[in-house]
1. Pulled fully out, how much extra length does the chain show between Glu316 and Lys47, if you take 0.36 nm times their separation in residues and subtract their Cα-Cα distance?
2. Output ³J(HN,Hα) for region 115-126: one whole-Hz value per residue in order, computed from phi by the Karplus curve 6.51 cos²θ - 1.76 cosθ + 1.60 with θ = phi - 60°, and x for Gly and Pro.
3. State to the nearest 20 debye the size of the charge dipole of region 246-353 about its Cα centre, where the only charges are +1 on K and R beta carbons and -1 on D and E beta carbons.
4. If R₀ is 51 angstrom, what is the calculated FRET efficiency for the pair Asn240 and Arg101, using the beta carbon separation as r and rounding to 0.05?
5. Quick query: amide H of Tyr55 versus all other amide H atoms, modeled in the peptide plane; which residues come in under 5 Å with a sequence gap of 5 or more or a different chain?
6. Per residue of region 51-58, what does 6.51 cos²θ - 1.76 cosθ + 1.60 with θ = phi - 60° give for ³J(HN,Hα)? Whole Hz please, x for Gly and Pro, Karplus curve as stated.
7. List, in order, the whole-Hz ³J(HN,Hα) value for each residue of region 228-242 obtained from phi through the Karplus relation with A = 6.51, B = -1.76, C = 1.60 and θ = phi - 60°; use x for Gly and Pro.
8. Given H placed on each backbone N at 1.01 Å, which residues far from Ile249 in sequence or on other chains put an amide H within less than 5 Å of it?
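Taken together, the values in this text are just the output of simple stated rules run on the coordinates, not laboratory data. Computed from a predicted structure; not experimentally measured. With ideal geometry, Cβ positions are generated from the backbone for all residues, glycine too; neighbour counts draw on all protein chains shown.
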Amino acid sequence: MKKNILITGAAGFIGSHVVRLFVNKYPEYHIFNLDTLTYAGNLENLKDITDAPNYTFIKGDITDEVFIPELFAKYNFDGVIHLAAESHVDRSITDPFSFIRTNVFGTCNLLNSAKNAWKENMEGKRFYHVSTDEVYGALEFDGSFFTESTKYDPHSPYSASKASSDHFVRAYNDTYGLPVVISNCSNNYGANHFPEKLIPLSINNIKHNKPIPIYGKGENVRDWLWVNDHARAIDIIFHNGKNGQTYNIGGNNEWSNIELIHKLCEIMDRKLGREHGESAKLITFVKDRAGHDLRYAIDSSKLQNELGWKPSLQFEEGLEKTVDWYLENQEWLDNVTSGQYQNYYEKQYKERQ
Ligand code: NAD
Ligand code: DAU
């Protein structure tokens with residue numbers, strides 16, 4: 001069935017994989033990518049689908065109280081998949097207000113615009129908020145997992161802003177009957193990941209023989225999921241998730257940061273033809289992140305049992321693929337690290353429109 005779907009933040013890491021999947025898999029949908037192109041937005045991530053007939057890029061800010069309602073009125077969206085956010089925990093510690101503005105206010109602006117646009121008939125509509133496992137706080141080293149009923153206990157300004165936006169999404173469902181669904185996912189890794197996050201930062205630093213900064217003792221644990229598996233889960237939840245429900249998404253794949261970096265160093269030694277142990281010499285322990293959550297682990301059995309999703313890749317294979325992608329796409333990495341990627345819209349894209 002012909003549908004107009006709005007995907008926000010699709011010039012970023014996860015959004016780029018989601019939008020590509022939707023554009024290729026659903027030729028009957030028209031996919032609108034709304035992104036304001038912050039430092040994290042990179043249209044080079046979407047080079048291959050720029051000219052697809054069922055894809056339109058719209059440069060715009062989700063916090064804009066005039067533009068966003070107009071957009072909803074103009075395109076009569078059937079569904080929204082909302083990923084646009086400030087996403088980096090370290091940045092939220094130095095600049096919490098931009099997280100409040102985008103993640104909380106921006107989400108509310110979208111919710112309100114959807115509510116007003118859909119108020120006559122909400123049948124068949126869906127507002128999907130893509131959220132994080134960080135809303136649940138931190139686990140001890142006790143084998144426990146976050147479930148969908150774990151109490152919210154965010155610690156960083158980033159996770160507090162995502163928790164707040166989740167609450168607003170549920171409030172719009174309870175109060176106005178807005179059809180919503182939420183997913184809370186663990187740490188993603190893969191292609192197009194901005195090199196401020198642990199895995200791409202480390203790959204880039206190893207390649208250039210620069211120190212790999214490990215916060216504290218490197219004992220904090222994260223559950224890693226291949227980004228394409230997250231995109232597949234989003235597709236399944238968007239189409240088959242139940243109204244008002246939350247689904248946890250995770251890889252059942254826990255690694256302490258230091259174990260993970262040793263694994264990455266081994267792969268990099270092999271791929272770069274270095275002696276075993278060479279890259280690990282770059283590991284440098286630095287001051288810990290403030291309020292650093294000890295451990296995340298996700299129980300995704302609800303999604304697996306009710307909607308039939310499961311991760312497709314083992315971590316070793318995923319990490320190899322990821323390293324290969326960064327080594328094969330040195331130009332992408334160079335453009336991102338030099339800041340060149342920020343000219344892409346003006347130079348190569350705007351004139352097409
Ligand atoms: P990202 O930082 O790579 O991309 C965010 C995108 O949002 C960028 O393209 C940016 O330009 C855009 N954006 C930011 N502010 C905007 C605004 N005001 N208006 C319009 N666009 C704006 O983020 P990501 O890692 O791809 O994360 C996407 C979503 O998934 C976020 O909501 C994040 O909280 C969530 N999430 C991320 C992870 C992860 O491991 N990266 C895990 C779970 C959930
Ligand atoms: O859990 C989901 C979350 O995962 C998402 O909601 C966030 O958007 C995403 O950024 C990610 O958050 P993290 O803080 O877990 O990711 P990051 O890559 O920044 O850090 C991973 C771990 O590595 C964390 O324990 C901090 C540590 N770290 C990070 C960096 C950047 C280091 O030791 N050194 C570093 O230089």
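1. Taking Glu316 through Lys47 to full extension adds about 94.0 nm, to one decimal.
2. Each residue of region 115-126 in turn: 4, 5, 5, 9, 4, 6, 7, 9, 4, x, 8, 7 Hz.
3. For this selection, approximately 280 debye.
4. Taking R0 as 51 Å, the efficiency between Asn240 and Arg101 is 0.95.
5. HN-HN under 5 Å from Tyr55: Ile31.
6. Using θ = phi - 60°, the values come out as 9, 5, x, 9, 10, 9, 8, 10 Hz.
7. Karplus-based 3J(HN,Hα) across region 228-242 equals 5, 6, 5, 4, 5, 5, 4, 4, 5, 5, 4, 8, 10, x, 8 Hz.
8. Asn184, Cys185, Ser186
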